[in-house]
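Some notes on the structure that comes next.
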Amino acid sequence: MAMSSGWPMSAVAQSAGVGINIDNPAGTQCPSTALVNRAVSQHLGEGGAGWRIAYRAKGDAIQLELGDPRGGLALQRDVIGGAGDCQALADAMALIVDRFFAGLGWSAGRPLPVSDPTTVRAAAPPPVTAEAPLMLAVEGGAGLWTRRQNVGTGVFGVRVARRAVEAALHLLGPGTQTRQDLSSGGQAVVSTWGLALSTALGGQLGPLRLHGGPVAIVSREWAHSQNIAVTADNAGTTLAAGLAAGGHLALSPHWRLAVEGWGSRTVAGDRFVIAGVGAVLGAPRFQATAFAALAYAFSW
């Protein structure tokens, strides 16, 4: 007995030169209908009128269905991709359909078969899961960092992700100066650069990927005194730890818009001491960081 899909028919396009209808009833953007259309055309060539591919987002995966020319459901798979790589998802979907037809004795260059649904289901290959690619993104943007008196900061970083696991390294700079007036006259001045390491678990919601996890910020600081009888300079390091959360929106197969926020507490660090004055320019107990960045991502 033939099975049929419960999805409504909408957003249907015919794959150029293939004759397979591409049905995207939920308007899924990653991958887009155009990407799936192109990938299917590249894998299957010409022929095969009457077959239908339908897909929609299902958590971190894409649910794929292949309908045969007689209206039956020939194949259903959950395709798991990685880090919002829409092209990789489209290629994986096309490959699954390609392998399905190969299981029926079809080979490239020949018209796709028109088979009885019962025969098709019996010959269907076992479930295929796309291997998740490793994603690398380079990010650059600007934001706020409350470690400084002047909270504006530049942000430059790299991020790697595979499936639900991410890690990122960000540089916060340039080192805008923070000043403190001294009771004996003059000033103490500190310049700070930050290096943040974060790890996270993430999930894909269409073109949007959300993530959250721990973050550690190492601040390298250079301090000096000025406008006093005896000036001095010194360098030190502070460490803050906390949590990070954010996400990035896929603007195209490679470009992303990233937004992220960190909340951290200073747990260790050097103190700057001026003779006759004492400790100055202490790191704040709590720090907040927020930034927006444009990222270029690629996978392999």
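Observations
- Taking strands (runs of 3 or more DSSP E) as the structural unit, those lying wholly within the range 199-300 and holding at least 3 residues that are over 30 Å from residue 63 (Cα atoms) and not hydrophobic (A, V, I, L, M, F, W, C) correspond to 208-226, 233-250, 255-269.
- Some residue of the range 27-34 being surrounded by fewer than 18 Cβ atoms within 10 Å (Cβ to Cβ) and modelled with pLDDT under 80: yes
- Criterion: of a type in the set (Phe, Trp, Tyr) and touching a residue at least 40 places away in the same chain (Cβ under 8 Å) - qualifying residue of 222, 193: 222
- Failed criterion for residue 202 (all others in (1) on the phi < 0 side of the Ramachandran plot; (2) touching a Ser or Thr at 6+ places or on another chain (Cβ under 8 Å) hold): (2)
- The lone exception for residue 147 - which of (1) assigned to a loop (DSSP other than H, G, I, E, B); (2) free of Cβ contacts under 8 Å to residues at least 40 places away in the same chain it fails: (2)
- Enumeration of residues in the range 142-192 that are β-branched (Val, Ile, Thr) and out of contact with any Pro (no Cβ under 7 Å at 6 or more places or on another chain): 151, 153, 155, 158, 160, 165, 176, 178, 189, 190, 192
- For the range 239-282, taking the residues that are basic (Lys, Arg) and modelled with pLDDT of 80 or more, the one that is surrounded by the most Cβ atoms within 10 Å (Cβ to Cβ) is identified as 256.
- Scan of the range 150-193 for residues that are under 25 Å from residue 88 (Cβ atoms) and outside any loop (DSSP other than H, G, I, E, B), ordered by number: 157, 158, 159, 160, 161, 162, 165, 166, 167, 168, 169
- Residues that are of a type outside the set (A, V, I, L, M, F, W, C) and within 13 Å of residue 262 (Cβ to Cβ) within the range 182-215 comprise 194, 198, 199, 211, 212, 213, 214, listed in sequence order.
- Subset of the range 240-275 (residues that are over 17 Å from residue 215 (Cα atoms) and of a type in the set (Gly, Ala, Ser)): 250, 252, 275
- Test: residue in the range 141-149 that is touching a Leu at 6+ places or on another chain (Cβ under 6 Å), of a type outside the set (Gly, Ala, Ser), at pLDDT 80 or above and over 30 Å from residue 69 (Cα atoms): yes
The values are calculated or read from the model by the stated rules, or taken from the named source; none is laboratory data. Because the structure is a prediction, the values reported are computed rather than measured. Ideal geometry is used to build each Cβ from the backbone, glycine not excepted, and the neighbour counts take in all protein chains shown.
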